[in-house]
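Worksheet: one structure, shown below.
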Amino acid sequence: MIRLGINIDHVATVRQARREKYPDPVQAAVMAELGGADNITCHLREDRRHIQDRDLFLLKDTIKVPLNFEMAATSEMISIAKKVRPHSVTLVPEKRAELTTEGGLNLAVADLAIEAAVRELREVGILVSLFVDPDLKMIELSKHLGAEAIEIHTGPFCRNVDGAAATKTKWSLTKELSDIATHSHELGLQVHFGHGLHYTNAQWLQHVSFAEEANIGHAVVARAIFVGMTEAVREMKRLLNDPSLKP
Ligand code: PXP
C-alpha cells in the first residue's frame, strides 16, 4: 500500500489571505484522517505565509496519525522541531520569493547546515527525510548524510506525464522514476514522493517500485472545495492503491 500524506498548508493559505480564524488547518487534518490520510504534513516557512507556529503545536496534539514537519535546515526550525517532536521532518530548500518549493536540496555543495540538521533531529528520535530531485547523485548523498528517507521531487515527472500525448511516453517516464526508486530502496532509504501530484497523474505511482508514500497538498485541498476534505482524501488514496484504476 502507498501511504498518503496530506499537506494542509493551503487551508492555512486561505485563512491567512484574510487573517481570519478560518478555515482551520487542524480541522482539515482531522477530516483528512477520516478520509484515510496516513500522515499529515505541514510546512512552517520562515515568512509564515501559511502555517503558523501555533498550528504546528495544535496539530501535534490533535491528530492521531504521524505528523511530518516540512522545514528548512535553519537553527530556528530545528529548535521548533525539537519542541514539537513530530514523527518525521522533511528538509526542503526554501526561497523567500518562490510560490512553492521549487526544487530538491542541492547536496553537492557541502551543506553543513543539512548535515547538522540530520544529526540533531535524529538524535532526538525524529525520522529525517530529504527532499531531492530524481538524481542518483543526490540520493546517494542523502544516504551518506544519514537520512533514513528521501522524498523524490515529482514536479518534473508530473509535468512531463501531464504533457505527454502518447501513453507509451508516460510508461517510459514512469519506468525511469521506478528505476531511481529501486536504486534508493537498495541503498536502504524509504522512498517517498511529492509535488505536483493530482487526480489525473497520481495513479502512475502504482507502477513505481518501492513507492512507500506520496505527500500531496494543492490538488487535494482544491478538490476539497467541491467534495469536502474527507472525500477528496478518500479519492486520492484510491488512485494510489486500487489496482483496478491502473492506467
Ligand atoms: N512535498 C514537498 C517537499 C513540498 O514542498 C510540497 C509542497 O508544499 C509537497 C510535497 C506537496 O506538493 P503539492 O502541493 O504540489 O501536492
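Annotations for the structure displayed:
- Remark on the chain: ratio of C-alpha radius of gyration to 2.2 N^0.38 Å is 0.96.
- Residues whose amide H lies under 5 Å from that of Asn7, counting only those 5 or more places away or on a different chain, are Thr41, Ile216, Gly217; hydrogens are built 1.01 Å from N in the peptide plane.
- Summary of the geometry: segment 111-133 and segment 161-189, compared by the centres of their Cα atoms, lie 26 Å apart.
- By the beta-carbon count within 10 Å of each Cβ, the least crowded to most crowded order of Asp242, Asp179, Asp47, fewest first, is Asp47, Asp242, Asp179.
- The order of the peptides 67-78, 223-234, 146-157 by mean Cβ neighbours within 10 Å, most packed first, is 146-157, 67-78, 223-234.
- Entry note, the chain: relative contact order of 21 percent, from Cα contacts under 8 Å with a spacing of 6+ residues.
- Computed from backbone phi, the HN-Hα couplings of segment 116-131 come to 5, 5, 4, 4, 5, 6, 5, 4, 9, x, 8, 6, 10, 10, 10, 7 Hz, rounded to whole numbers (Karplus: 6.51 cos²θ - 1.76 cosθ + 1.60, θ = phi - 60°; Gly and Pro given as x).
- Between the amide H of Thr154 and those of Gly194, His195, distances stay under 5 Å, these residues lying 5 or more places away or on another chain, with hydrogens modeled in the peptide plane.
- Using the average count of surrounding beta-carbon atoms within 10 Å as a protection proxy, the listed peptides 56-66, 211-221 rank, highest first, as 211-221, 56-66.
- Neighbour counts of C-beta atoms inside 10 Å place His192, His50 in the sequence His50, His192, starting with the fewest.
Read-outs throughout are calculated quantities, based only on the coordinates presented, and are distinct from any laboratory measurement. Just so it is clear, the model here is predicted, and its values are computed rather than measured. Positions of Cβ are backbone-derived with ideal geometry, glycine not excepted, and every protein chain shown enters the neighbour counts.
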